[in-house]
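A short write-up of the structure that comes next.
The values are calculated or read from the model by the stated rules, or taken from the named source; none is laboratory data. Not measured: the values here are computed from a predicted model. When we count neighbours, we look across all protein chains shown, and the Cβ atoms used for this are built from the backbone with ideal geometry, even at glycine. Heavy atoms of the whole protein, side chains included, go into the accessibility calculation; ligands, DNA and RNA do not. Shrake-Rupley method; radii C 1.70, N 1.55, O 1.52, S 1.80 Å.
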Amino acid sequence: MGVLGHPKAEAVLDRLHAEADRQFPALLLHYLPKLPGLLLGGGIAWDRANTDFYQDKYIPIDRDQGEWLYLLARSIGARTIVEFGTSFGISTIYLAAAVQDNGGGRVIGTEIVPEKVLQARKHIAQAGLDCSVEIREGDALLTLQHLNPPIDMVLMDGWVHLALDVLKLLDPAIRKGGIVVADNVGTFKAGLRSYVEFLRDPANGYRSTTLNLKGGTEFSVKIRP
């Protein structure tokens, strides 16, 4: 039995991670013209005119990150988790398994690509975790408005140019001791600089550090309500 202790969910995750791995060469080819900007850490801005390419692309967290997120959510007894950038639901499954094992609650995900929303909901149902997940389709700055506190944990894994705005939107509802995790802060260093600077400024009520996971994972704890 794996870390999650959910055989059905782990079988779905194995399949989805394998599919994501097979897409990697195509992603490299697609991003080759953007390589200079990526090497400088600029990230990739959302382009509504270019959604077709992303309809079937996973671009997920890796297995080690997913298991770490599951254990992290378990360790704080997270009952409400918000995810910016659901994609095909890989990270959502890890988080939903933790919420269910913590006694119940929900993961609130947001995804702007309609085709991905449909697939994510299907994958989460196949994992047996749909009762613990609500996926909101559309712009996160609209779909994540007016969330009721307390939020125990946030995963930031959407378009980097929106990360700081999404964090500021969620901040009033994040509880003291709540955790915020952001993927790819090393890969997209320039694009996420303002996000990291906000979390490193003590006046904003967080303590934050970059962990050596995947492309750099920012781990932040809210220390003031």
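If you go through segment 209-225 and keep only what is open to solvent by less than 30 Å² (accessible area, probe 1.4 Å) and at pLDDT 95 or above, you end up with 218, 220, 222. Residues of segment 171-198 that are touching a strand residue (DSSP E or B) at 6+ places or on another chain (Cβ under 8 Å), open to solvent by 40 Å² or more (accessible area, probe 1.4 Å) and at pLDDT 95 or above: 175, 176.
Restricted to segment 129-146, and to residues there that are at pLDDT 95 or above and over 12 Å from residue 111 (Cα atoms), the residue that is nearest to the chain's Cα centre (by Cα) is 133. With respect to the conditions (1) farther than 11 Å from residue 85 by Cα; (2) touching a helix residue (DSSP H, G or I) at 6+ places or on another chain (Cβ under 7 Å); (3) of a type in the set (Lys, Arg), residue 122 falls short on a single one, namely (2). Scanning segment 68-119 for residues that are at negative phi, assigned to a loop (DSSP other than H, G, I, E, B) and of a type outside the set (Ser, Thr, Tyr) yields 76, 78, 79, 88, 102, 112, 113.
Against the definition (more than 18 Å from residue 95 (Cβ to Cβ), surrounded by 20 or more Cβ atoms within 10 Å (Cβ to Cβ) and touching a strand residue (DSSP E or B) at 6+ places or on another chain (Cβ under 8 Å)), how does residue 112 come out, yes or no? If you could, list the steps in order and put the result at the bottom.
Values: more than 18 Å from residue 95 (Cβ to Cβ): yes; surrounded by 20 or more Cβ atoms within 10 Å (Cβ to Cβ): yes; touching a strand residue (DSSP E or B) at 6+ places or on another chain (Cβ under 8 Å): yes.
Yes; evaluated as a whole, the condition is true for this residue.
Pairs meeting the criteria (first residue in segment 133-160 and within 23 Å of residue 119 (Cβ to Cβ) and part of a strand (DSSP E or B), second residue open to solvent by 30 Å² or more (accessible area, probe 1.4 Å) and among the basic types (Lys, Arg), beta carbons under 9 Å, at least 6 apart or on different chains) are 133/106; 133/121; 134/106; 135/121.
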